[in-house]
Amino acid sequence: MQIGTACALALWLLVSGSALAAHADQPPEPSCRNAVVLALQQRYESAKDLRADIVQTTRAVALGDGPAQQMTSEGTVVFAKPGKMRWSYTRPEPSLVVSDGETLWIYDPTFREAQKLPATEGYLSGAAVQFLLGEGEIERDFEISALRCDEDSAELQLVPRKPSAYEKLHVLVDPRTGDLLKTTVFFVLGNVTEVAFSNLEVNAHPAASVFHFDPPADVRVIELEEPPR
């Protein structure tokens, strides 16, 4: 099960389209990069929680002579600071990832199995969700460049400064609304996970029960000390 944890780096404030606009045949101006980075950090800091519908596409590199694989999943995601998240997948098969900031559950109802493990910093870092969970500082944690800035969208490339399970991140946003449109995680081994967001809601104050999981009585619980790879 691929977890749509790439997604979610941050939300950012509305930035004037004229401040972000750049000619399509020219690299974005440094002022564009700086404005988007500042807005990204400020918006992430102001967001206490986030809910969105998601469409996740995972492209896995081919093993040996086999073909490359692609899988698309749909569902919803909810984040809340500090350290809480809930990924609920409905298609093609139901699955659930829940953390209350201390314990992480990965539940597969098809196989009647739930994995329980500590919600460690290493897991959150590997999932690239530090910003939405209140742990990230974008300039400190990443080398940043603007790939595109125009009136309809702005895209940043973020390369982690420290060793990580992923090589780089791309973040696409709508500068007219400040909405997060898409995140793309490029993993070291060549896999790519893309998460597209829609129907975004910020600071909706989800109930604590959203981030709590009680495994059904007939479910096998596997307790782990390290995040699954």
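The values are calculated or read from the model by the stated rules, or taken from the named source; none is laboratory data. Just so it is clear, the model here is predicted, and its values are computed rather than measured. FYI the Cβ positions are ideal-geometry reconstructions off the backbone, even for glycines, and counts take in every protein chain you see. Keep in mind that these areas ignore ligands, DNA and RNA; they rest on the heavy atoms of the full protein, side chains included. Shrake-Rupley method; radii C 1.70, N 1.55, O 1.52, S 1.80 Å.
Probing with 1.4 Å while keeping every protein chain in the model, the per residue accessible area of region 155-229 equals 59 Å².
Packing, taken as the mean count of other beta carbons within 10 Å per residue, orders the peptides 56-63, 38-45 from highest to lowest as 38-45, 56-63. In this label model, residue 108 and residue 69 are separated by 1.1 nm, measuring between points 7 Å along each Cα→Cβ vector. For region 34-124, the solvent-accessible area of protein heavy atoms averages 49 Å² per residue (probe radius 1.4 Å; ligands and nucleic acids excluded). Rolling a 1.4 Å probe over the protein heavy atoms of region 162-213, with every protein chain left in place, gives an accessible area that is 56 percent carbon and sulfur. Taking the accessible area of region 52-93, probe 1.4 Å, and keeping the other protein chains in place, the carbon and sulfur fraction comes to 51%. Under the shape rule built on the C-alpha gyration tensor, where the axes satisfy a ≥ b ≥ c, region 135-229 is oblate, since a/c reaches at least 1.5 while a/b does not exceed b/c. Per-peptide packing, taken as the mean over residues of other Cβ atoms within 10 Å, places 209-218, 98-107 in the sequence 98-107, 209-218 from highest down. Label sites at residue 203 and residue 90, each approximated as a point 7 angstrom past Cα along Cα to Cβ, lie 2.8 nm apart.
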